[in-house]
Amino acid sequence: MRRGFWLRYLGRRLLAAVLALFGVAVIVFVVTRLLGDPVELILGQRATPEQAAQLRAELGYDDPLPQQFVRYIGDLVQGDLGVSNYTQRPVTDEIADRFPATLELALAGMLLGLLWTIPLGVIAAQRPGGWVDRVSRAVAEFGLAIPNFFFGLLLILLFAYALGWAPAPVGELDIGASPPPRVTGMVVVDALLAGDLPTFWSALKYLALPAITLAVTSCPPILALTRTSMITALRSDYVRSARAFGLPPRTVRWYALKNSLVPVLTMSAMTFGFLVGNTVLVESVFSWPGMGLYSVQSMQRFDYAPVLGVVLLGSAIYILVYLLADLISMAIDPRVREGQT
Amino acid sequence: MSAEPVQAAAWTPARIGSRLRPLLTPYWALLLLFALVALLAPLIAPYDPIQADLEAKLLPPSSAHLFGTDENGMDIFSRVLFATRTDLVVAVLGVAIAFVVGVPIGALCGYLGGWLDELFNRTSEIVQSIPLFLFALMIFAALGNSKTILVAVVAIVNIPIFLKLTRSVVQPIKNQDYIAAARLAGQPTSRIVLRHVLPNTLGPIVSQASISAAYAIQITAGLAFIGLGVELPHPEWGSMIQQGAPLIMDGDWWVSVFPGLAVLLAVVAFGGVGRQIARRYDR
């Protein structure tokens, strides 16, 4: 009975995720091929009509649309995102080179984000309206209101220019420094794996400011949710009973925390999915060599295949992380499970 | 959120006074200030915002140039004032379009349900799963780089928000007695939705409009920061921040910092007003 329910649920969610991915592909197709002119996208606006006509025939853009659509989906399924006009390399390879940097940044930002939002949310919930609550709410409001690229610039101004604690924003490593042997593609991790401590330390310094930027500007919703979730838990019957039994406050707090973390976990996963696709501006500020900066640079070179590739990948990651978060909260929280039956 | 029909009351001075009291909060005052600056920019600005002065490049803030000057010798104070027009107009126009498109469709979806509802709801979710700035990059790539496209991008990313919100606030209202009464009286669906359902759901939607405008300003400035939507030297906050970004490590902070603070304050103003409206209707 239980097992059957699980499989049904899993099947339904997987199907929904696949449909969402398909939907994103359809939107990209509609925007680029129906609203825009794909040949103009590839050649730029300077091409002669003859060149355009030739390329149009070569790439099959004269075929009927349904046929084009089937071919496009077929390419996507095989992981073929086209060729970059600028480097003449497959977009898939180019993105694969840059994705680890984005992942590293998003992971670091997420980690720092959880480190400040969850404890602060828990403390604020002990005394709603108290000074910790008010200060943390002000910080959260500030983090949400300030544009992340501007906050990044302020950090550079303070920590790199004025105090000299952080390096200038030139990417992941000193200009000219040789990166550690590539294993994961994440420089901090690779340096550690290679046992190269000076490089590790240097890479960590480069990572710090962009990661702090993401942690402050993207994670305030986690703080707000932790706080409300914790307040609800502290007012619940099981906490009152635990207190009435004379359990020490610390134990009671732990009970409440365990129960209030489920929605926080889901929200954190969603924030992470959001982060991976939304590092564009922060990567631009810090010259961080990830896929966000890559898409902006490609845009400036009128090289559009990479832009569409990053759009598809960013959306796919968001959809998959969302699915994963759903399944995890389902697995650990019986309340969510029962809500589904 | 009240489900009672809206009632007209006499406009006594006391009533008008109590209606205007919310305007006395800092958020409203700030919003008013931005509106005034946008309207009166040509009167307040001491310099022409796009007048280059090669004698006065990169001057720090002083009494002659309150916010200093940029690399072209343009007065940053004047540019920040004029940029209010660009950013506010793009944000408000984009959100207004999203409102006009999203709210009626959302109301119909919530009221009718069925396949129409399913179609629009799913489409909204799919659009929202595309990371915002990447979505914007794609639109700019396909349709060209212009201010019109910028407004369109702001509108498109906000339509799903209004659609889903309106849908969710209409759903509980459609089973109220007074709606049933209107239906029994033989009124057409479009009239029921427009005259009886929507007016009673406006609180949360208007609050969302203000919050959306706050994000629209962030989006506008963010896209301009990566060179999309507005062209230099047209005064716009995001592109001004971009101009100053490479100068930060030289210590020429004023080029980026003043337009950045303008964005921050505008976002705080719109966001604060939105939350305040939400609180008023929450009771």
Based on alpha-carbon positions alone, could you give the equivalent ellipsoid semi-axes of segment A:8-73 from the gyration tensor, as √(5λ), descending, whole Å? 33, 12, 7
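So if R0 is 41 Å, what FRET efficiency would B:L58 and A:E58 give, r being the distance between their Cβ atoms, rounded to the nearest 0.05? Write out the running numbers ahead of the final one.
On the way: r = 50 Å, r/R0 = 1.22.
Given R0 = 41 Å and the Cβ-Cβ separation, E is 0.25.
When a footprinting reagent is the concern and you count Cβ atoms within 10 Å, what order do B:K174, B:K57 take, fewest first?
B:K57, B:K174
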Taking the Cβ-Cβ separation of B:E118 and A:R250 as r and a Förster radius of 56 Å, what is the calculated FRET efficiency to the nearest 0.05? 0.70
Cross-link partners of B:K174 among aspartates and glutamates (Cα-Cα below 13 Å; sequence separation of 8 or more within a chain): B:E4
At q = 0.08, 0.18 1/Å the base-10 log of I(q)/I(0) from the Debye formula over the alpha-carbon atoms of segment B:74-282 is -0.34, -1.18
Karplus-derived 3J(HN,Hα), 6.51/-1.76/1.60, for each residue of segment A:91-96, Hz, glycine and proline x: 4, 4, 5, 4, 5, 4
Tabulate in residue order the Karplus-calculated ³J(HN,Hα) for segment B:135-152, using 6.51 cos²θ - 1.76 cosθ + 1.60 with θ = phi - 60°, rounded to whole Hz; enter x for Gly and Pro. 4, 4, 4, 5, 4, 5, 4, 7, 10, x, 9, 8, 5, 4, 5, 4, 4, 4
From the Cα gyration tensor of the protein assembly as shown, with a ≥ b ≥ c the square roots of its eigenvalues, which class applies: rounded if a/c is under 1.5, or else prolate if a/b is larger than b/c, or else oblate? rounded
Testing the spin-label approximation: label points 7 Å from Cα along Cα→Cβ at A:A96 and A:A194. State their distance in nm. 2.1
So for chain B, taking the charge dipole from beta-carbon charges (+1 Lys/Arg, -1 Asp/Glu), which of B:I192, B:P42, B:A245 sits furthest toward the positive end? B:I192
In whole angstrom, how far apart do the alpha carbon centroids of segment B:56-128 and segment A:87-152 sit? 23
Can you compute 3J(HN,Hα) from phi for each residue in segment A:81-87, using the Karplus curve 6.51 cos²θ - 1.76 cosθ + 1.60 with θ = phi - 60°, rounded to whole Hz and x for Gly and Pro? 9, x, 10, 6, 5, 7, 9
Sort B:H234, B:H196 so that the residue with the fewest other Cβ atoms within 10 Å of its own Cβ comes first and the one with the most comes last. B:H234, B:H196
Rh (Kirkwood, all Cα-Cα pairs) for segment B:98-182, Å, reads 13.9
What's the FRET efficiency of A:E141 with B:D48 using the Cβ-Cβ distance as r and R₀ = 35 Å, to the nearest 0.05? 0.45
Which chymotrypsin sites (Phe, Trp or Tyr not before Pro) does segment A:235-341 hold that lie in a coil by DSSP with at most 10 other beta carbons within 10 Å? A:F245
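What average count of beta carbons from other chains do you get within 10 Å of the Cβ of residues in A:319-326? The partial results should precede the final answer.
Details: counts 4, 0, 0, 2, 0, 0, 0, 0.
Mean partner shielding for this stretch: 1.
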Run the reach check for B:K147 against aspartates and glutamates, Cα to Cα strictly under 12 Å, same-chain hits fewer than 8 apart removed. What comes back? B:D87, B:E231, B:E236
Determine, for each peptide in A:120-132, B:199-211, the mean count of other beta carbons within 10 angstrom over its residues, then list the peptides with the highest first. B:199-211, A:120-132
Using modelled amide H (1.01 Å from N, peptide plane; none on Pro or chain starts), what sits under 5 Å from the amide H of A:V83, excluding residues fewer than 5 places away? A:V91
Using a Cα-Cα cut-off of under 16 Å, which aspartates and glutamates could be cross-linked to B:K164, ignoring same-chain neighbours fewer than 8 residues away? B:D117, B:E118, B:E125
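Would you mind putting A:186-193, A:99-106, A:307-314 in packing order, based on average other-beta-carbon counts within 10 Å, highest first?
Values: A:186-193: 20.6, A:99-106: 23.8, A:307-314: 26.0.
Descending mean neighbour count gives A:307-314, A:99-106, A:186-193.
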Neighbour-count ranking [beta-carbon atoms within 10 angstrom, fewest first] of B:C109, A:C219: B:C109, A:C219
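Summarise the partner chain shielding of A:292-303 as one whole number: the mean count of Cβ atoms from other chains within 10 Å of each residue's Cβ.
Details: counts 5, 1, 0, 6, 6, 1, 2, 8, 3, 0, 1, 1.
For peptide A:292-303, the averaged partner shielding equals 3.
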When Cβ neighbours within 10 Å are restricted to other protein chains, what is their mean count per residue of peptide A:22-34? 3
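Here, each number is a calculation from the coordinates, and none is a lab measurement. Nothing here was measured: the structure is a model prediction, and the numbers come from that model. Backbone-built Cβ (ideal geometry, glycine too); neighbour counts: all protein chains shown.
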